[in-house]
């Protein structure tokens, strides 16, 4: 529970943070994002590019029309007495038609982009999730859950921003700049050169500003991180703060960090804010300079600048600096998207859990000849279908729950072994208990049976078959696990129990609940089995959650059970009530039990005492007590430390 | 907020100035063309051009100032919001804390504040700018030609209505999208934290299917919402083009008939762009504001949350002794007496007694002791410490005298000494060592590389559960309290050490009243008296021997734990 809170909290912090400033290889990531988009939406993108071209051209022709309007229609008409608006109307209709085409193109391009961007995101999310489900447990051990979560939220979001907004805008801007530049050159070369000079100044100013604000943004991120860390710690320990009357000191320290963040946020935003006005106003200056020089040029009649051309040129001038402005605004979001994309691809590039198993689990039946045959029905007899490559034969071995560890060494990484030379024989139907202090390796052993982790050395056999040969899914299906941390999923109680076996009928679900004495409290819930639980079952007590997860194992009806502190949060009295159900659940199944409570352990067929990854004692309760070793010490609480 | 009033005020002012200056430029343009180019007056061109340049530069200055003030105002707002929230959270009572999840509080302090900060900056800088630029541009247009300005007016009204309609529709969709997003995130989170369950039951495909449905839902909603949004652009363009054509047409006619000059027409066309850009800005602001309003609401919720516990007007500043009385105490977490978790509790505990509290999960043991240091207020009845109602004490005084070691305890990043000094800032190293010894923490501290200077990671992740508990006990001891409450605080400590701690406590601090909540009978059997709780009621309050004799419940637990030692000292 506590651990989960921390994870949730981490998620909160990560959520607030922004991507790290530096990314290596931005080009490669960009190419990869584009490649991903193009893979599925190449035709769409081509249409979009065409539409952008059409849209920009429509706009350009409209602006060019200004020149025609003034030079070819208005001025001649002003100077002559002939006021025939017919030709002008015709010209305007032509322009209008082009405009309409432009509008249509814009509409089409936007509509298509929705499909492209949302479709890409949908695909990415699905691929991410599918990948995530296939990753080995190790991945989840080594990555903060909050970080994984934030890939789905923040990082995907940055990509959305980039694909749906930045990219089209970039394209649009580039096409616009190019076509406007050409038009400007056509209209008047000297003015264009002046314009370009001003643009260079603008770019220079933006670069300076962006550099400055970038430096402060990094500082802001660092301060934000510090403050968030502090908040996280304090809010998490809020009750402790209260109990120790530490409020004032907490506020004091908070204010200090808050002030720092304010300073750096102010600095960072100051330069970022200034960038916009500078560009806009430099655009205006550009406009003014062009207007003045244009006026002079027009007046002196140099370079064939007519009034109409000047009008068109000035309008172009405006639409020339705007895209540059836009590009500089989009740059930030592209940088963020690249950082996000990097994390998304990092997850997608993780190696999935490998599964080279070929022995499968099937329903079986004993035929008249007394041999096992595969069966399509649910026969309650399971068999391992073992195909021998060497001679092409297939044989069936009944699943009985015979588990052997032969000299197993294991470490979470290759340097530090946490289990040493573990030998273990569990006969079908036996109850094997593990006891020992935290970190002795009890949970680790059970995690090897279901291949959450692969062993470094030794062998684990299940019904005589090396578990590496068994398909992971089938292996796990044959093992019912009740874990230390219970996890419930959003849904009804019924759905949560049915998680154990999806085709279980309502009756089977309820029978399983009754078997483990969960039926009582479920009936008392407002909607009984149809009560919806959310937020990992926060409304239920820890004990109730454990009962539900035991029921889940019961409904799965597996030949082997692994109970990892399954009843630790159920108080001793309730446990005694559950015990009957537990006993009937364990009956006939090989059961591995990890518990710290004597009552749970005592009647085991064999108790393994673990210390620092080794089995130091084994035997029945009575034998171990007799031995007066570690078990005896733990049990009586006599020995010190 | 007040502190940055000046900045909040100056920002829009600068923005308005910038707008006006910007708007003057096209007007001057008209003059250059009509009076300069058309009339061939070079001097006029230069003079007006000079004005334009000055206007542009002043505009630049105003823009920069606006940006600077805006940054200051919004960063300041964020700082003050955080400060107000954090300050208020520190005033929260336990029941206030329970109401919000920690993750929720942290998101409010971080993400939500950032959202509001960005929105505020946007509002300051754009909210005045956009309408102003529409108004100024319209005015200018009217000055130049009232008849042609009517075209603008029509266009602005049309677009205004359209944008309003669009936004109200889109917002509805977006709200739905956000809800679906929550579903999706929940699904991911469940799978991340429950991955072992998913894998153990081989339910990967089942979960993938669930996720696929959730993400396809989002896809559909998003496409729907965005389809509405993209209408914006073409309609906007359509209007712009229509306005340009209309102005060109009517403008041309007017020029020909001498009612308008060419220069004026050009400046009208320049205004056209300005007006439409501003409208676009406005629509963006609307979206941003409505998105951040959810954040703002969440923030004010925290700021306005009133602490459920108030210090009395004339507080008692001294706790005379460690006696505790419960007088017909009823307690409910939600004030609803029907749902009381403590029912009619009457207890009389003498100063210096050691009291064990035992009972099943959910029997309200913790709730009972939490009332002593007034972490919650009773719903009915009263709790007295040192013969004074806890509600009459100054809270800090009370809590310094009643030390609680919570079930869910936390260490903070810093050295071990720093952590111990939470109990008493002035404690000397010797005192800290002493407390650690009593709590049996010194033995492992001494084994650590830096001993008392060892750095504890955030959340105490680099010490084991049992070590953490012992440090927490030592920390509480440094307060030198009159009452010490150990709420299942030695559950991760092995039986032998547990015993040593208890013995140390009674040897070193005999006059301190002690409450020991435990699952294990062995932890409480040596107490002077033991409270047996069940279902929110006291089912027995007596010595171990008497309870064994008279109390069936106690005997039950005792037997189930097999002579009091049947426990392998493991978990929580």
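Name the single residue, out of those in region A:293-302 being surrounded by fewer than 22 Cβ atoms within 10 Å (Cβ to Cβ) and facing chain B (nearest Cβ under 7 Å), that is nearest to residue B:89 (Cα to Cα).
Within region A:293-302, the match that is nearest to residue B:89 (Cα to Cα) is A:296.
Okay, residues lined up against (1) within 21 Å of residue B:108 (Cα to Cα); (2) at pLDDT 75 or above; (3) at the interface with another protein chain (Cβ under 8 Å from one of its Cβ atoms); (4) part of a helix (DSSP H, G or I):
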position: A:202; (1), (2), (3), (4): no, yes, no, yes
position: A:208; (1), (2), (3), (4): no, yes, no, yes
position: A:214; (1), (2), (3), (4): no, no, no, yes
position: A:231; (1), (2), (3), (4): yes, yes, yes, yes
position: A:242; (1), (2), (3), (4): yes, no, yes, yes
position: A:245; (1), (2), (3), (4): no, no, yes, no
position: A:254; (1), (2), (3), (4): yes, yes, yes, yes
position: A:258; (1), (2), (3), (4): yes, yes, yes, yes
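Going by what's in this entry, would residue A:115 be described as out of contact with any helix residue (DSSP H, G or I) (no Cβ under 8 Å at 6 or more places or on another chain) and either surrounded by fewer than 22 Cβ atoms within 10 Å (Cβ to Cβ) or part of a helix (DSSP H, G or I) (or both)?
So residue A:115 does not fit the description; no.
Among residues belonging to region A:193-234 that are without any contact (Cβ under 8 Å) to a residue 24 or more places away in the chain and over 20 Å from residue A:260 (Cα atoms), point out the one that is surrounded by the most Cβ atoms within 10 Å (Cβ to Cβ).
A:196
Residue-wise test of (1) touching a strand residue (DSSP E or B) at 6+ places or on another chain (Cβ under 8 Å); (2) modelled with pLDDT of 80 or more.
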| residue | (1), (2) |
| --- | --- |
| A:385 | yes, yes |
| A:411 | yes, yes |
| A:414 | no, no |
| A:441 | yes, no |
| A:469 | yes, yes |
| A:472 | no, yes |
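Would you please name the residue that is nearest to the chain's Cα centre (by Cα), looking only at residues in region B:412-461 that are at positive phi and not in a helix (DSSP H, G or I)?
Taking the candidates together, the pick is B:414.
In this structure, is residue A:600 modelled with pLDDT under 85, buried (at least 22 other Cβ atoms within 10 Å of the Cβ) and under 23 Å from residue B:523 (Cβ atoms)?
Judged against the criteria, residue A:600 is a match.
Considering (1) more than 7 Å from chain B (Cβ to nearest Cβ); (2) surrounded by 16 or more Cβ atoms within 10 Å (Cβ to Cβ), say which one residue A:92 fails and leave the rest.
Result: residue A:92 passes all but (1).
Output the residue which, of all residues in region B:393-411 that are within 9 Å of chain A (Cβ to nearest Cβ), in contact (Cβ under 8 Å) with a residue 12 or more places away in the chain and part of a loop (DSSP other than H, G, I, E, B), is nearest to residue B:454 (Cα to Cα).
In this case the residue turns out to be B:411.
Checking the condition assigned by TED's automatic domain parsing to the domain that holds residue B:299, out of contact with any strand residue (DSSP E or B) (no Cβ under 6 Å at 6 or more places or on another chain), at pLDDT 80 or above and assigned to a helix (DSSP H, G or I), which residue from B:36, B:43, B:104, B:59 passes?
After ruling out the rest, the residue left standing is B:59.
List the number of the failed condition for residue B:517; all other conditions in (1) farther than 19 Å from residue B:364 by Cα; (2) modelled with pLDDT of 80 or more hold.
Single failed check for residue B:517: (1).
Quick one: which strands (runs of 3 or more DSSP E) sit completely within region A:427-491 and have at least 1 residues that are surrounded by fewer than 17 Cβ atoms within 10 Å (Cβ to Cβ)?
Once the strands (runs of 3 or more DSSP E) in region A:427-491 are filtered for at least 1 residues that are surrounded by fewer than 17 Cβ atoms within 10 Å (Cβ to Cβ), what remains is A:457-462.
Look at region A:277-320 and say how many of its residues are outside any helix (DSSP H, G or I) and at positive phi.
Residues meeting the conditions: 1.
If you take just the strands (runs of 3 or more DSSP E) that sit entirely in region B:477-538, which of them hold at least 1 residues that are closer than 21 Å to residue B:424 by Cα?
In region B:477-538, the matching strands (runs of 3 or more DSSP E) lie at B:483-487, B:513-517.
So which residues in region A:149-191 are without any contact (Cβ under 8 Å) to a residue 60 or more places away in the chain and over 44 Å from the mean Cα position of the chain (by Cα), if there are any at all?
Passing the criteria: A:182, A:185, A:186.
Among the numbered criteria (1) surrounded by fewer than 22 Cβ atoms within 10 Å (Cβ to Cβ); (2) within 13 Å of another protein chain (Cβ to nearest Cβ); (3) out of contact with any helix residue (DSSP H, G or I) (no Cβ under 7 Å at 6 or more places or on another chain), which single criterion is violated by residue A:237?
Result: residue A:237 passes all but (1).
So which pairs qualify, if the first residue must be in region B:202-221 and more than 7 Å from chain A (Cβ to nearest Cβ) and within 15 Å of residue A:500 (Cβ to Cβ), the second must be part of a helix (DSSP H, G or I) and at pLDDT below 85, the Cβ gap must be under 8 Å, and the two must be at least 6 apart or on different chains?
none
Please tell me if residue A:399 is closer than 19 Å to residue A:460 by Cα, touching a helix residue (DSSP H, G or I) at 6+ places or on another chain (Cβ under 9 Å) and at pLDDT 80 or above.
The answer is no for residue A:399.
Taking the condition over 17 Å from residue B:210 (Cβ atoms) and either assigned to a loop (DSSP other than H, G, I, E, B) or over 34 Å from the mean Cα position of the chain (by Cα) (or both), does residue A:501 pass?
So residue A:501 does not fit the description; no.
Identify, please: which residue in region B:523-539 is buried (at least 21 other Cβ atoms within 10 Å of the Cβ) and either within 12 Å of chain A (Cβ to nearest Cβ) or more than 22 Å from residue B:404 (Cα to Cα) (or both) and is, among those, modelled with the lowest pLDDT?
Looking at residues that are buried (at least 21 other Cβ atoms within 10 Å of the Cβ) and either within 12 Å of chain A (Cβ to nearest Cβ) or more than 22 Å from residue B:404 (Cα to Cα) (or both), I get B:523.
In region A:138-148, what residues are modelled with pLDDT of 75 or more and crowded, with 21+ Cβ neighbours inside 10 Å?
A:148
Identify the single condition in (1) surrounded by fewer than 16 Cβ atoms within 10 Å (Cβ to Cβ); (2) away from chain B (no Cβ under 11 Å); (3) at pLDDT 70 or above that residue A:67 does not satisfy, given that it satisfies every other one.
Every listed condition holds for residue A:67 apart from (1).
Somewhere in region B:452-472, is a residue at pLDDT 80 or above, in the same structural domain as residue B:351 (by TED's automatic domain parsing), touching a strand residue (DSSP E or B) at 6+ places or on another chain (Cβ under 9 Å) and within 23 Å of residue B:319 (Cβ to Cβ)?
Within region B:452-472 (the criterion being at pLDDT 80 or above, in the same structural domain as residue B:351 (by TED's automatic domain parsing), touching a strand residue (DSSP E or B) at 6+ places or on another chain (Cβ under 9 Å) and within 23 Å of residue B:319 (Cβ to Cβ)), the answer is yes, since at least one residue qualifies.
Tell me yes or no: at least one residue of region A:45-57 is surrounded by fewer than 16 Cβ atoms within 10 Å (Cβ to Cβ) and not in a helix (DSSP H, G or I).
The answer is no; no qualifying residue exists.
The values are calculated or read from the model by the stated rules, or taken from the named source; none is laboratory data. As the structure is a computational prediction, the values presented were derived from the model and not from experiment. Please note: Cβ atoms are built from the backbone with ideal geometry, for glycine as well, and neighbour counts cover all protein chains shown.
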